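Enquirer: If you scroll down you'll find the structure; I have some questions about it.
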Amino acid sequence: MINMLPPQVHVFVRDWLSSNNVLLKSRDGHVLIDSGHTSHAPLTLALIASERGTGDAPLALLVNTHCHSDHVGGNAAIGQRYGCPIAVPAAEAPLVERWDGKALLYEYCGHPIDRFHVAHALAADSTHVWGDLEWQALSAPGHDMGALVFYNEAHGILISGDALWQNGFGFVMPPEIDADALPATRATLEMISRLDVRVVIPGHGEPFLAVAAALERAWSTLAALERDTLRIARYALKANLMFTLLDRRRMALDELPAYLDEVGLYRELNALYFRLPPAKFAEFVVGELEKSGAAKRIDGWLAPAQG
Ligand SMILES: [Zn+2]
């Protein structure tokens, strides 16, 4: 697999709490794409400075595929360590500038992060030379309406963020919260299908070559979501709470009703789709996470099923 990527492309495969970090090395300056979660910033810094990373060399630029907390959480720490400029998709630059915790899904989803500042807004369809390779920034709305993916045509490499994973893609907002999200997801998968992608470096999970099979799975996931709005709401609910659970490692079951009632996204999803009193809603959400095998109850706590 790894020799499918040119030698200057280094992927640090992380986990579900932290996005992968892609380091594009060049004598003209190293460029990092995505910085992981705030709580993992020390590990992210260590990986960048490792032998496989930049060593002692500076970082010329930090780029983000989109501004969700698991992709930009290390921005502040990296900016501080390296003094490098930070570039985000143009559609999100104003949101970051005014630190819109709702649009960026920080406070709104219970995912607060360290604040950072944007130096460059990356326009869709702009071209950049990073790691001595030419990358096209392509608009990839859906999971995140301002997201970009980065495509190197010569090697058929797609840095896909959360627009395409080996098995699916990042959660999508249900139509009552964002009517454009699902149609945009379809349009983005169509756009990716038209590219000559031979290797995908996703935002989460190992890089993969079986692009057609991944697109097939993404299409069928999308079709299932399109058939059933409730399924979209359940996916958004589970993905976001699981993320917080991975960060905190455990959450007290008896505090969950109040927590879910406090955090905007959960309160809104409940009001729109489930209409349950807080305790019943918490019971429902916990049941959903247990059913999917993601979480379990232990002595009054909710915890990730693994680790
Ligand atoms: Zn995301």
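Enquirer: For the stretch 263-282, give me each residue that is open to solvent by 60 Å² or more (accessible area, probe 1.4 Å) and under 13 Å from Leu241 (Cα atoms).
Expert: Within the stretch 263-282, Arg267 is the sole residue that qualifies.
Enquirer: Since Leu209 meets every condition but one in (1) open to solvent by less than 60 Å² (accessible area, probe 1.4 Å); (2) touching a strand residue (DSSP E or B) at 6+ places or on another chain (Cβ under 6 Å), which condition does it not meet?
Expert: (1)
Enquirer: Does Gly110 count as crowded, with 21+ Cβ neighbours inside 10 Å, under 24 Å from Leu237 (Cβ atoms), touching a residue at least 12 places away in the same chain (Cβ under 8 Å) and of a type in the set (Gly, Ala, Ser)? Let's see the steps before the verdict.
Expert: Values: crowded, with 21+ Cβ neighbours inside 10 Å: yes; under 24 Å from Leu237 (Cβ atoms): yes; touching a residue at least 12 places away in the same chain (Cβ under 8 Å): yes; of a type in the set (Gly, Ala, Ser): yes.
Considered against the rule, which asks whether it is crowded, with 21+ Cβ neighbours inside 10 Å, under 24 Å from Leu237 (Cβ atoms), touching a residue at least 12 places away in the same chain (Cβ under 8 Å) and of a type in the set (Gly, Ala, Ser), Gly110 comes out as yes.
Enquirer: Here's another thing I want to ask about it. Within the stretch 226-248, track down each residue that is farther than 14 Å from Leu289 by Cα, open to solvent by 10 Å² or more (accessible area, probe 1.4 Å) and not polar (S, T, N, Q). Walk me through it before giving the result.
Expert: Looking only at the stretch 226-248, we keep the residues that are farther than 14 Å from Leu289 by Cα, and these are 226-230, 232, 247-248.
Remaining after also requiring open to solvent by 10 Å² or more (accessible area, probe 1.4 Å): 226-230, 247-248.
Passing the criteria: Glu226, Arg227, Asp228, Leu230, Asp247, Arg248.
Enquirer: Given the conditions (1) under 22 Å from the mean Cα position of the chain (by Cα); (2) crowded, with 16+ Cβ neighbours inside 10 Å, report the number of the one that Leu302 does not fulfil.
Expert: Failed condition: (1).
Enquirer: Within the stretch 180-187, does at least one residue satisfy the condition of being surrounded by 18 or more Cβ atoms within 10 Å (Cβ to Cβ), farther than 12 Å from Gly142 by Cα and touching a residue at least 40 places away in the same chain (Cβ under 8 Å)?
Expert: no
Enquirer: Go through the stretch 43-120 and tell me which helices (runs of 4 or more DSSP H), entirely inside it, have 1 or more residues that are away from the ligand (no atom under 15 Å from the Cβ). Working first, answer last.
Expert: Working: elements: 69-72, 75-82, 93-97.
In the stretch 43-120, 75-82, 93-97 are the helices (runs of 4 or more DSSP H) which contain 1 or more residues that are away from the ligand (no atom under 15 Å from the Cβ).
Enquirer: Given (1) of a type in the set (Gly, Ala, Ser); (2) open to solvent by 20 Å² or more (accessible area, probe 1.4 Å); (3) within 14 Å of the chain's Cα centre (by Cα), where does Gly73 come up short, assuming only one miss?
Expert: (2)
Enquirer: Within the stretch 5-42, can you find the residues that are within 17 Å of Trp135 (Cα to Cα) and within 16 Å of the ligand (Cβ to nearest atom)?
Expert: Asn21, Val22, Ile33, Asp34
Enquirer: Criterion first (open to solvent by 10 Å² or more (accessible area, probe 1.4 Å), on the phi < 0 side of the Ramachandran plot and more than 16 Å from the ligand (Cβ to nearest atom)) does His143 satisfy it? Show your work before the answer.
Expert: Numbers: open to solvent by 10 Å² or more (accessible area, probe 1.4 Å): yes; on the phi < 0 side of the Ramachandran plot: yes; more than 16 Å from the ligand (Cβ to nearest atom): no.
No, not satisfied.
Enquirer: Taking the condition of being surrounded by 14 or more Cβ atoms within 10 Å (Cβ to Cβ) and either of a type in the set (Ser, Thr, Tyr) or within 22 Å of the chain's Cα centre (by Cα) (or both), how many residues in the stretch 289-299 meet it?
Expert: So the count comes out to 3.
Enquirer: Here's a follow-up. Within the stretch 123-140, restricting attention to residues that are open to solvent by 30 Å² or more (accessible area, probe 1.4 Å) and in a loop (DSSP other than H, G, I, E, B), which residue is farthest from the ligand (Cβ to nearest atom)? Step through it out loud before you land on a result.
Expert: Keep residues of the stretch 123-140 that are open to solvent by 30 Å² or more (accessible area, probe 1.4 Å), which gives 123-125, 127-129, 132, 134, 136, 139.
Okay, now just the ones that are also in a loop (DSSP other than H, G, I, E, B), so 123-125, 132.
On the way: Ala123: 20, Ala124: 17, Asp125: 21, Asp132: 28 Å.
In this case the residue turns out to be Asp132.
Enquirer: Same structure, new question: Return only the number of the condition from (1) among the β-branched types (Val, Ile, Thr); (2) touching a strand residue (DSSP E or B) at 6+ places or on another chain (Cβ under 9 Å); (3) under 17 Å from Leu105 (Cα atoms) that Ile157 does not satisfy.
Expert: It fails just one condition, (3).
Enquirer: List every residue pair whose Cβ atoms lie under 7 Å apart, where the two residues are 6 or more positions apart in sequence or sit on different chains, the first residue falls within the stretch 145-161 and is of a type in the set (Val, Ile, Thr), and the second residue, located anywhere, is within 12 Å of the ligand (Cβ to nearest atom) and open to solvent by 10 Å² or more (accessible area, probe 1.4 Å).
Expert: Qualifying pairs under 7 Å: Val149/Ala163.
Enquirer: Name the residues in the stretch 151-179 that are more than 15 Å from the ligand (Cβ to nearest atom), open to solvent by less than 20 Å² (accessible area, probe 1.4 Å) and within 18 Å of Arg194 (Cα to Cα), would you?
Expert: Tyr151, Asn152, Gly156, Ile157, Leu158
Enquirer: Only one of these is over 18 Å from Leu32 (Cα atoms) and of a type in the set (Val, Ile, Thr): Val72, Val96, Val88. Name it. Before you say what the answer is, go through the steps one by one.
Expert: On the way: Val72 fails: over 18 Å from Leu32 (Cα atoms); Val88 fails: over 18 Å from Leu32 (Cα atoms).
Being over 18 Å from Leu32 (Cα atoms) and of a type in the set (Val, Ile, Thr) holds for just one of Val72, Val96, Val88, which is Val96.
The values are calculated or read from the model by the stated rules, or taken from the named source; none is laboratory data. On a predicted model such as this, the values are computed, not experimentally measured, just so you know. When we count neighbours, we look across all protein chains shown, and the Cβ atoms used for this are built from the backbone with ideal geometry, even at glycine. Areas reflect the complete protein model, heavy atoms only, side chains present, ligands, DNA and RNA absent. Shrake-Rupley method; radii C 1.70, N 1.55, O 1.52, S 1.80 Å.
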